[in-house]
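Beneath this line is the structure, given in C-alpha cells, with notes to follow.
The values are calculated or read from the model by the stated rules, or taken from the named source; none is laboratory data. What you are looking at is a predicted structure, and each value in this text was computed from that prediction instead of being measured. Neighbour counts are summed over all protein chains in view; Cβ atoms, including those assigned to glycine, are modelled from backbone coordinates with ideal geometry.
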Amino acid sequence: MSAPIEHGLYIVATPIGNLGDLSHRAEEILGIADLILVEDSRVTGKLLNHIGKKGKIKVYNDHKGERERQEILTAIGCKIVALVSDAGTPLISDPGYKLVRDARAQGAYVTTVPGPSAVIAALTLSGLPSDRFLFEGFLPSKMKARSEALTELKPIKATLVFYENGSRLGAMLADAFDKLGERQAAVIREITKKFEETVTGSLQELAGRYADEKPKGEIVVVIGPPGAAEPVSSADIEEALRSALRRLPASKAAGEVARTYGVDRKELYEMASRWKAEA
C-alpha cells in the first residue's frame, strides 16, 4: 500500500483452507497491525508463522465484558487493530459485530479487507440458483428446535445455505427433507483443501447417503429454493435434440434446444451433424 495506513479497525478475511488464498492486502495489514483480535491464538499464530509475521494477539469474542471491549475501542482510536476469525470472513457466523457496531458509534475508522468466505465459495460450487440466497448458519442441534427452524424457512423463495458438522449431517438432511420437501441440494466440505468434495443430489438422496456416514471436515449444506428446476441430464438434452431434428434442419434444431436448456449451440449442431453422418 502506498498511502499511510489509517488508525482504526480492519476486518480481515483469512483463508478457509488453502493458505495461498490470503490476499496481499490482508498479509500487509496483519504485518503492521498493532493488535490482532482472534478467535483462537493457535490458529492465527500458525497463519502468522506461515507468512513470516509477528504481531500482538488478543483473543476476542462478543461475550467479552464491557470494560475489555472499551479497552479495545480505545486502541482502535489510536492504533491499527485487525479483527480475524479462525477462517474466512469475520462476523459471518463468527464473533465481531458488537465491536464493529461500537467502533462505528464512537466515530472510529472501520474498513474491511475482503477475501475468502465459505458461504460464497459453497454457493458457487453447488450449481444451485445463486441470484437470491439466505445464510442461516448452524441450525439448532436439538431435533425439535431444528424442525421448527426449518419449518419457518420453508416458504422462503431463495437458496438456503447452512453450516453443519459431520456428526449431525445425516439428521439435519433428513429433517430438511421432511420439513422443506424434495429439493435439489449439495453437501460441500473441506473447501480449498486437499480433500475438497461436492456431493449433489436430492435432499432424500443425500439424507440416505449420510444417514450412517459422518464425514470429517468443515461442511456447508446448500439447499435449492422451492420449485427449483430439476437438473437437466445429457440424456434429456439428446432426446430433445432428436425430437427437434424430426421437425427442423440441424442448425435450427440445435438453436432451439440451446435456447431451451441454456447449452452450447455449436456442440449441439456438431452432435446433430455426427448423427446424420452415421445414419
- Message: Could you go through the range 51-73 and let me know if any residue there is surrounded by 19 or more Cβ atoms within 10 Å (Cβ to Cβ), under 28 Å from the mean Cα position of the chain (by Cα), under 13 Å from residue 114 (Cα atoms) and not charged (D, E, K, R).
- Response: no
- Hits in the range 204-229 - residues which are farther than 18 Å from residue 87 by Cβ and touching a Gly at 6+ places or on another chain (Cβ under 8 Å): 207, 209, 210, 211, 212, 213, 214, 226
- Query: Quick one: would you say residue 47 is out of contact with any Ser or Thr (no Cβ under 8 Å at 6 or more places or on another chain) and crowded, with 17+ Cβ neighbours inside 10 Å?
  - Reply: no
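One line per residue, one yes/no per condition, for (1) under 19 Å from the mean Cα position of the chain (by Cα); (2) surrounded by fewer than 20 Cβ atoms within 10 Å (Cβ to Cβ); (3) in the same structural domain as residue 25 (by TED's automatic domain parsing); (4) touching a residue at least 60 places away in the same chain (Cβ under 8 Å):
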site: 90; (1), (2), (3), (4): yes, no, yes, yes
site: 134; (1), (2), (3), (4): yes, yes, no, no
site: 152; (1), (2), (3), (4): no, yes, no, no
site: 171; (1), (2), (3), (4): no, yes, no, no
site: 178; (1), (2), (3), (4): no, yes, no, no
- Query: What strands (runs of 3 or more DSSP E), lying completely within the range 180-229, carry at least 2 residues that are crowded, with 19+ Cβ neighbours inside 10 Å?
  - Reply: 184-189, 219-223
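Yes or no: residue 230 closer than 30 Å to residue 137 by Cα and at pLDDT below 90?
In short, yes.
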- Message: Residues that are in a helix (DSSP H, G or I), of a type in the set (Ser, Thr, Tyr), in contact with a strand residue (DSSP E or B) (Cβ under 6 Å, 6 or more places away or on another chain) and surrounded by fewer than 20 Cβ atoms within 10 Å (Cβ to Cβ): does the range 34-42 have at least one?
- Response: yes
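Of all residues being more than 21 Å from the chain's Cα centre (by Cα) and surrounded by fewer than 22 Cβ atoms within 10 Å (Cβ to Cβ) in the range 7-28, which is farthest from residue 195 (Cα to Cα)? Just the residue, please.
Within the range 7-28, the subset more than 21 Å from the chain's Cα centre (by Cα) is 7-10, 24-25, 27-28.
The next check asks that each one be surrounded by fewer than 22 Cβ atoms within 10 Å (Cβ to Cβ); those that pass are 7-8, 24-25, 27-28.
On the way: 7: 40, 8: 38, 24: 26, 25: 28, 27: 26, 28: 29 Å.
So, considering only residues that are more than 21 Å from the chain's Cα centre (by Cα) and surrounded by fewer than 22 Cβ atoms within 10 Å (Cβ to Cβ), the one farthest from residue 195 (Cα to Cα) is 7.
Quick grid of which residues meet (1) touching a residue at least 24 places away in the same chain (Cβ under 8 Å); (2) under 20 Å from the mean Cα position of the chain (by Cα); (3) within 26 Å of residue 154 (Cα to Cα):
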site	(1), (2), (3)
203	yes, yes, yes
211	yes, no, yes
221	yes, yes, yes
235	no, no, no
248	no, no, no
254	no, no, no
261	yes, no, no
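Please count how many residues of the range 93-127 are free of Cβ contacts under 8 Å to residues at least 60 places away in the same chain and either within 17 Å of residue 189 (Cα to Cα) or of a type in the set (Gly, Ala, Ser) (or both).
Looking only at the range 93-127, we keep the residues that are free of Cβ contacts under 8 Å to residues at least 60 places away in the same chain, and these are 94-95, 97-98, 101-102, 104-107, 120, 124.
If we keep only those that are either within 17 Å of residue 189 (Cα to Cα) or of a type in the set (Gly, Ala, Ser) (or both) as well, we get 105, 107, 120, 124.
So the count comes out to 4.
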